[in-house]
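Worksheet for the structure shown next.
The values are calculated or read from the model by the stated rules, or taken from the named source; none is laboratory data. Quick caveat, the model's predicted, so the values are computed rather than measured. Neighbour counts run over all protein chains shown; Cβ positions are idealised from the backbone, glycine included. Surface accessibility is based on the protein's heavy atoms, side chains included, excluding ligands, DNA and RNA. Shrake-Rupley method; radii C 1.70, N 1.55, O 1.52, S 1.80 Å.
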Amino acid sequence: MAHREDGILAMVFLGPPPRAIMARAPLLTLVLLTAAATFGVVGEVQMFRVRPENVQVLAGDDVFLKCIVENQQGKAQWTKDGFALGFERGVPGYPRYQYAGDASLGEHHLVIKGVTLEDDGEYQCQVGPTTSSLPIWAAANVTVMVPPRSITLLGRSEGEVVEVAAGDKLQLECLVADARPAPNVTWYREDHRIDFKQQMDVVQPSTTMRRLVSLLSRLVLTSKQEDDGEEYSCRTQHPALKDSTTSPLAATVTLSVLHPPGRPVIHGYKTGEVLRAGERRSLTCRVAGGNPRPWVTWYWYGLPLNHTAKSKSRKSVHLKSKATSKRGKKTKGVSVTQQVTASRTEDGAVYECRVSSDLLPRPLTTNVTLTVHYAPAQVRVSGPTVVAAGEHLTLTCVTSPSNPPATITWTVDGAQVNTTTSTVSKDEGGGWVTSSRLTQEAAKSSQVRQMVVVCLAHHLEAVEAISHTRSITLIRPPGPPRVEIHSKGQLVAGDSLEVSCTSEGGHPPPQFRIRKGEDQELPAETHTSENVSRARASFTAAPADNGARVHCEVMNPATSLPLLTDTTITLQFAPWEVLGSANPHSVEAGQVVTLSCETSSSVPVSIVTWHTPAHLLGDPSVRHSSGLYGGIVTRSEVKVKAEAEDNGREVTCKAENGLGVTVSANITFEVLRKCLMDVSSL
């Protein structure tokens, strides 16, 4: 509206009349346009130096629409959707609107504080006509953007797991509610965009607020095994959303596609591959797919190893296994790992992986058979340890099981021997046993006392040969023994005598046994030097040893019976006693008494002497007889005429045989006196 100079009120519309006005007053519009066309142009023409530009703004933000007029002649104002906002800078009736800039410079900017949906529309900066200028106008649209209130998959909760059988069709509906301008929707499988041809989008007016719209997008897909565990999401990008290109609004579900697992595959070892003893391997049984998750179990020689993997939450109960259920685009499925250490017991072992599922009529299986090369743990030589020189001996060498079989070589006293025979046999517990027999003649030389035989087992898995050494003693019988009795001069009872027994040669050195008589063994000390062995024993001679035999026995492992020799002891011994007697013991004076002394046995013969003051009648008579221990007993007798003074008198006899020992005996007898009767007393 404008006031003419003559005071007549008039409505003036500059620029293209708003569509609303054109529709309501087509005749008026035609008149106004005709009138505007009649203005003439005088002087410089008013024109826009800066025109307002379209703007998109978030609800609540401020809007600044620029408008600068050059050579302005008419009055300037703004319109919104064809309705004039007036010429006043404060814009009456619109507290959030105001004009900015220096009007004298033609600056007529429109500022809107805190825009709302009601501010959405077309704005024109208009300059009215004058007698010399036509009206001018410039338009710009203000679009107020409102981010989507929500994005949801209808009938589904966020992150829900949707269970569906493989091959079935599934429909997902995504609703992006209450936005301006209209949102768009993109469907994703994980991070891969789905072809838009598979979706159908419908834009609908908002049911809650005018000017807002919602978008319903529908996706129909046929579930596949590969979709199991995959995330399907609908995402929206909107200019009213901050960082919508990097973090769009999204609604997600995860598909759980029911399908049987694939066949198991064993990784980490292939049948026929050779393992070395002690080598560690991880046998991993991998099963692709399977929903519900399958059971995966290891078997060893047909026996379960007591560990199973069924799902992500189930762990192995076997200490040597590790069960995992992997998730990811390329690793979906279940895997169970079995640790294996190569050894003899694992050679030929069959490891079987069985996969069971509720969707399988019977388990799926696969297996590998291990081949382990291992050296024998030991080798043993059996046979004699003692052999007579010159004899033939046979030794046998046997290895413990190995794979492949070991080979055996022999050395005798450091030199390799090739004249052997070997055999290889299968062991019940697995592997091969190698045995070899060696026949060898024992050395005859007297200088060789021992043979050292070594059995060596060679195997490709052993860095060095495995060996066992057998030491064989070569035995030889000792020479005939010689026995001697040593003394300083003549052998005399009471002296200490030494007996020696000597034998030459023999290996091992002989053992000695020295006996006096038949059953008295004498302790002996043995010494060997320069191939001569000698045993020595000592004892104190007694008379009973005269004529005794001293025996020496010599033997070693080479003799079946002892070698014997002996000698006789020839001994001198003194009498140890002499016994005296008188016969008769009682006599009358003038009668004769016979006195006797008898020695014990002695060598040499003892001599008896008499010592008495009595009157001896003649020389003693002497007799000899055999005594103990090969000695001689001497008996000496003398006659004595008894006198009265001989009553109770001692007569002594002494015996000695020159060995420095004298023994004696005292003899007494009674002499009876005659009774002299006193006649006077009668």
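General observations
- Rh by Kirkwood over Cα pairs, then Stokes-Einstein D for region 503-610 at 1.002 mPa s and 20 °C, µm²/s: 118 µm²/s
- For region 214-222, the Karplus equation 6.51 cos²θ - 1.76 cosθ + 1.60, evaluated at θ = phi - 60°, returns couplings of 10, 10, 10, 10, 10, 10, 10, 9, 9 Hz by residue, with Gly and Pro reported as x.
- Among the listed pairs Lys516/Lys654; Lys197/Lys224; Lys224/Lys270; Lys444/Lys516; Lys75/Lys242, those beyond 29 Å (Cα-Cα): Lys516/Lys654; Lys224/Lys270; Lys444/Lys516; Lys75/Lys242
- Under 14 Å, Cβ to Cβ, from Arg344 - net charge with Lys/Arg +1 and Asp/Glu -1: -4
- Projecting label points 7 angstrom from Cα along Cα→Cβ for Phe87 and Asp413 puts them 14.4 nm apart.
- When a 1.4 Å probe is rolled over the protein heavy atoms, the share of accessible surface on region 502-595 that falls to carbon and sulfur comes to 46 percent.
- Theoretical gain in end-to-end length, Ser132 to Gln56 [0.36 nm per residue, Cα-Cα removed]: 23.7 nm
- Förster-model FRET efficiency, 60 Å R0, Val463 and Thr565, C-beta, rounded to 0.05: 0.55
- Here region 213-275 and region 402-449 have alpha carbon centers that stand 69 Å from each other.
- Helix axis angle, 26-36 relative to the chain longest principal axis, alpha carbon, degrees: 80 degrees
- Dividing the radius of gyration of the alpha carbons in region 484-542 by their Kirkwood radius gives 1.03 for Rg/Rh.
- Summing charges over all other residues whose Cβ lies under 11 Å from the Cβ of Thr609, with Lys and Arg as +1 and Asp and Glu as -1, gives 0.
- Within region 640-666: backbone nitrogen closer than 11 Å to the Val592 label point (7 Å, Cα to C-beta): 640-642
- Residues with amide H under 5 Å from that of Ala165, placed H, sequence gap 5 or more: Leu258
- Value at 222 nm in deg cm²/dmol, rounded to 500, when DSSP H runs of n ≥ 4 in the chain each add -39,500 (n - 2.57): -500 deg cm²/dmol
- Under Stokes-Einstein, with the Kirkwood radius over Cα pairs as Rh, the value for the chain at 25 °C and 0.890 mPa s is 58 µm²/s.
- For region 455-499 versus region 375-394, the gap between their alpha-carbon centres in whole angstrom: 20 Å
- Taking amide H as placed 1.01 Å from N in the peptide plane, Leu360 has no amide H partner under 5 Å among residues 5 or more places away or on another chain.
- Neighbour cut-off at most 15 other Cβ (10 Å), DSSP loop, GluC sites (Glu not before Pro), region 610-666: Glu643, Glu650
- Charge context of Gly627, other residues only, Cβ under 11 angstrom, K/R +1, D/E -1: 0
- Evaluated on region 158-302, the Kirkwood hydrodynamic radius is 18.8 Å, with distances taken between all distinct Cα atoms.
- Separation between Cα centres of region 133-209 and region 71-88, rounded to whole Å: 39 Å
- For q = 0.09, 0.12, 0.16, 0.18 Å⁻¹, Debye-computed log10 I/I(0) when each Cα of region 433-571 counts as one equal scatterer: -0.44, -0.61, -0.85, -0.98
- Rg/Rh, computed from the Cα trace of region 235-303 with Rh as the Kirkwood radius, has the value 1.34.
- For region 336-460, accessible area per residue (1.4 Å probe, heavy atoms of protein chains only), Å²: 49 Å²
- Summed over the residues of region 534-682 and divided among them, the accessible surface reaches 55 Å² per residue at a probe radius of 1.4 Å.
- When region 555-613 is reduced to its Cα atoms, the Kirkwood hydrodynamic radius in Å: 16.6 Å
- Note, ³J(HN,Hα) from phi for region 483-492, Karplus 6.51, -1.76, 1.60, rounded to Hz, x at Gly and Pro: 10, 9, 10, 10, 7, 7, x, 5, 6, 10
- Estimated distance in nm for a label pair at Ser247 and Thr369, the labels positioned 7 Å out from Cα along Cα-to-Cβ: 6.1 nm
- Region 123-252 - percent of accessible surface contributed by carbon and sulfur, probe 1.4 Å: 51 percent
- Two-decimal log10 I(q)/I(0) for region 94-138, as the Debye equation yields it once each C-alpha is a single scatterer, q = 0.28, 0.33 Å⁻¹: -1.11, -1.20
- Probe 1.4 Å, protein heavy atoms only - accessible area per residue of region 40-113 in square angstrom: 56 Å²
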